[in-house]
Each structure stands twice: as structure tokens, then as C-alpha cells.
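One structure is given below, encoded as C-alpha cells.
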Amino acid sequence: MILQLPLFETIIRRLQAGRRIALCAVIETHGSAPQTPGAMLIIDEGLNTLGTLGGGCVEAEVCKQALEMLRKGESKLIRFDLDGSPGWDDGLHCGGGTAVAVMPLTHAAQAAQFRDLIDAAKEGRTGHVAIRVHEADRIEEYRVLVEAEPKLIIAGAGHVGAALARLCVDLEFDVTVVDDRPTLVSTQRLPPPVRPLVGDIEQTLRQLPIDRNTYVVIVTRGHAHDEAALHAVIDSAAKYVGMIGSGRKIKAVFDDLAKRGVSRERLDRVHAPIGLAINSITVPEIAVSIAAELISVRREHRPKLVEGPFAVAGGNKSEEVG
């Protein structure tokens, strides 16, 4: 699960204000299910929710049971068979099953792990949300993976760059846009949380920290700027480097960089032409094709999203969960 900053920040605020919350997380699924393991939702006694377990009747039932557990200070694992069995308003015909862990958060000290997760994300580290539930006469712990937001650096604040930046915010990328034209790199065109940087594109790219959790998209206004931008990042540790352009332009850029000593191995890792082949024509369509390629690379190797259950040493039903 990618880090959900708003969810964790809301948990911290509500616990500090003395409000009680039920944290609900999809722990396991089989077959077809509305959500993947790691999906989270919180609900408080005022019926305010944030996050999602996939919507529909599963989410409604979890919220109903979670409120009752919150009132009683109880936790448990709720299991659903999604085979169309009777007893549901809308029917569950996914053909699979899911299990949702529900843990009450009732005191401010429980906010500590969420602060730690936010701090870890700012440092580019992954973490885990520990969720404890009662099972029979014991307490078990599940650990939900929380990945740091991947960093996306977009070289070029033109139409495609701006459209891609706005799109990728909702895809949970930490987005920075670099351009040397102040009128384009503005908060009006690129509102927060997009981070606009004005300056020479090549020099600025060389100064930015680029690691294995960084994606670089080159969509500047011309051949020379694209080549300079690519030369600035070609030897970086970036997980993804993509450059827009026709086949002819790409060959010219690659030939120039090869003459400057860039290895064929480095050039071969550049995604060019950029984006998935979806017959895109308009600016929004081109942005979608690039975003789709970013997602494809990001999800190529999926880590284990939920680990457990782990027995809590000395845990029994008389102990407080969480």
C-alpha cells in the first residue's frame, strides 16, 4: 500500500482531540474481491469515514460492525464470502472472499506509529502499520506494508508536463516540475502539492536527489532541451527515465549522447517513445499514456502487502489491543 498521508494525519489529529476511531484494513483476499490487501478505512463514532475498502455492501457491513466494536473496545477479523449468497442487499457475486481486520484506536499514544510512518516516508523508507485483533483466546498481529511515495520529476512545464503533473498527484506520486520559464512554473498552473522549480533544466536536474524511488519524465519544448535533460539524468539511479519524441528525434538524441560517451546500455533503459501505446492524440490522452507506463513500471514487482498473523507474546483477551 502506498503511503496514505491524509489518512494517517487524520488519525493523529482525531486521537489528539480525544476522538475514538476504528481502523479497518483488508488483510487477505482470494479470487475476485473489491479491494486488494492493505486497503484501509477509518470510521469514528460520528460516522465520519476516510479511505475505502472497495465500497458497496462489504464496506457498509464493515462500518456497521466496526462502530459496534468501537463502542465495546473490541477488535476482530471479519470474513466475507463473495459468492452471491443471500443476506446482502445488493448481493456479492465477485466469486472470491476477503478478510478485514478492525482495531479500535482510543487513546493518543496509539498515534505514535502513524507519526513514525510519516517520518519514514519523508526519508523515502517503507514501514508497516501494526494491526492487532482478537482471535479466539489470543491476540494476533498483522503488518500492513506502507510504501513511501515514489518521486516523479517532470522536465518541462508545457501542456503535457502540466497535465501529467496534475494526474500523477492523484496516483500518489510526489511530483516536481522543472522548467526555465517562470510563467509556466507557477502555482496557478501547478497547484500544491506539485512542487514547481524555476531554473536551467539541465543544471536543476543535476542538483536534484535522484534515487531508486525516482521517476524522470522528459517533455521539454525542444530537441536540445530534451537532450540536455536526458544527459543530466542518464547516469542516475532513477527507476524510470522516459523521453517524449518521434523515432527520428529519439535516434538523433541517442546518437549525440553516444558520441559524448554515454553507453548503449544506459540508452537502452530509456523509455522512448514515452508512454504506453494507446493511440493517444490529445494532451490529456498523452498524459494518461505516460502515467500508465509509470504505473506499469511501478507495479512490475509487487511486494507482500500484508504479513501475518503473528502471535503477540503473552497476548490474551484481557489485554488491550493496539
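Of note:
- Compactness of segment 162-276 as Cα Rg over 2.2 N^0.38 Å, two decimals: 1.04
- For the pair residue 79 and residue 52, the difference between a 0.36 nm per residue extended length and the Cα-Cα distance amounts to 8.1 nm.
- Rounded to 5, percent antiparallel among DSSP beta bridges of the chain: 65
- Dimensions of segment 208-322 along the principal axes, based on C-alpha atoms and rounded to the nearest Å, stand at 70, 35, 22, largest first.
- FRET E, pair residue 113, residue 45, Förster distance 30 Å, beta-carbon r, rounded to 0.05: 0.90
- Taking a straight Cα-Cα cut-off under 28 Å and skipping sequence neighbours fewer than 8 places away in the same chain, the lysines within cross-link reach of residue 304 are 76, 122, 151, 239.
- Segment 194-276, accessible surface, carbon-and-sulfur percent (1.4 angstrom probe): 49
- Given +1 at the Cβ of Lys and Arg, -1 at the Cβ of Asp and Glu and no other charges, the dipole of segment 217-301 around its Cα centre is 80 debye to the nearest 20.
- Entry comment: accessible area of the chain is 48 Å² per residue, from protein heavy atoms only and a probe of 1.4 Å.
- Spread over its residues, the convex hull of the C-alpha atoms of segment 173-234 is 81 Å³ per residue.
- Taking 24 Å as the straight-line reach from the Cα of residue 259, the lysines in range (excluding those fewer than 8 positions away in the same chain) are 249, 251.
- Cβ-Cβ distance of residue 68 and residue 159, R₀ of 56 Å, FRET efficiency by 1/(1 + (r/R0)^6): the value works out to about 0.60.
- The HN-Hα couplings worked out from phi for segment 69-78 by the Karplus form 6.51 cos²θ - 1.76 cosθ + 1.60 (θ = phi - 60°) are 5, 4, 5, 8, x, 9, 9, 5, 9, 9 Hz, whole numbers, x standing for Gly and Pro.
- Ratio of Rg to Rh for the chain: 1.06 [Cα atoms; Kirkwood radius as inverse mean 1/r over pairs].
The values are calculated or read from the model by the stated rules, or taken from the named source; none is laboratory data. In this text the structure is predicted, and so the values were computed from the model without any measurement. Cβ: placed from backbone, ideal geometry, glycine included. Neighbour counts: every protein chain shown. Surface accessibility is based on the protein's heavy atoms, side chains included, excluding ligands, DNA and RNA. Shrake-Rupley method; radii C 1.70, N 1.55, O 1.52, S 1.80 Å.
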